[in-house]
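A quick write-up on the structure given underneath.
The values are calculated or read from the model by the stated rules, or taken from the named source; none is laboratory data. Not measured: the values here are computed from a predicted model. Note that we place each Cβ from the backbone using ideal geometry, even for glycine, and neighbour counts take in every protein chain shown. For accessibility, only protein heavy atoms count, side chains too; no ligands or nucleic acids. Shrake-Rupley method; radii C 1.70, N 1.55, O 1.52, S 1.80 Å.
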Amino acid sequence: LLADRGREVGDYCYYRAAWGADPDKESVVEARVKVIRGSSFLILTNGISGERVELSPEGIRLFHHPKLRYAMDTTGGFHRYQVTLNGADLQVHVDEVLRIDAPGVLAPRDYYQRNEVAFGAADSTKQGEALWEDVKVRTARTAQPLHDVVLSIGYKANTEE
């Protein structure tokens, strides 16, 4: 469970990882997620550009291109979201079906100079909660010996006997 229940600027909850995406080649993020309420995001940057895929109870949309959206129930169960960056093009598949096709949307943006993937809940004054079952990333960098990374985070309640 990644939850942002705060209302102040700077309140949010994300996991971030450098992934070495090549802006000219394909990079993929897959996440199995069940939205509970509010907004959660997959944020992908490649050192030149980036996009935020918003997951909300109403469906999915691109943050920087809000007209590119797909209405669906994200709260009824887990869904697999696959976001593919390839040059300036972006695609979002949901449960292996193409739902957002966005050619040319990854124009250079000064504020996306990081090269990382992030996932989590809301941003600043928004709130959001989602269950993230798994997140996988894949890049096409041939100089790196490791191309697939899986981050697994477990929670164990601290109980007193």
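A few notes on this one:
- When residue 91 is tested against (1) surrounded by 15 or more Cβ atoms within 10 Å (Cβ to Cβ); (2) touching a residue at least 24 places away in the same chain (Cβ under 8 Å), exactly one condition is not met: (2).
- Scanning the range 40-53 for residues that are of a type in the set (D, E, K, R) and open to solvent by less than 10 Å² (accessible area, probe 1.4 Å) returns a single hit, 51.
- In the range 102-161, the residue that is modelled with the highest pLDDT out of those that are exposed (fewer than 13 other Cβ atoms within 10 Å of the Cβ) and of a type in the set (A, V, I, L, M) is 107.
- Criterion violated by residue 83 - all others in (1) surrounded by fewer than 16 Cβ atoms within 10 Å (Cβ to Cβ); (2) under 17 Å from residue 136 (Cα atoms) satisfied: (1)
- Flag if residue 14 is in a strand (DSSP E or B) and closer than 14 Å to residue 118 by Cβ: yes
- Of the criteria (1) of a type outside the set (S, T, N, Q); (2) touching a His at 6+ places or on another chain (Cβ under 9 Å); (3) open to solvent by 30 Å² or more (accessible area, probe 1.4 Å), which one residue 17 fails: (2)
- Hits in the range 33-81 - residues which are part of a strand (DSSP E or B), over 14 Å from residue 129 (Cα atoms) and in contact (Cβ under 8 Å) with a residue 60 or more places away in the chain: 43, 44, 45, 50
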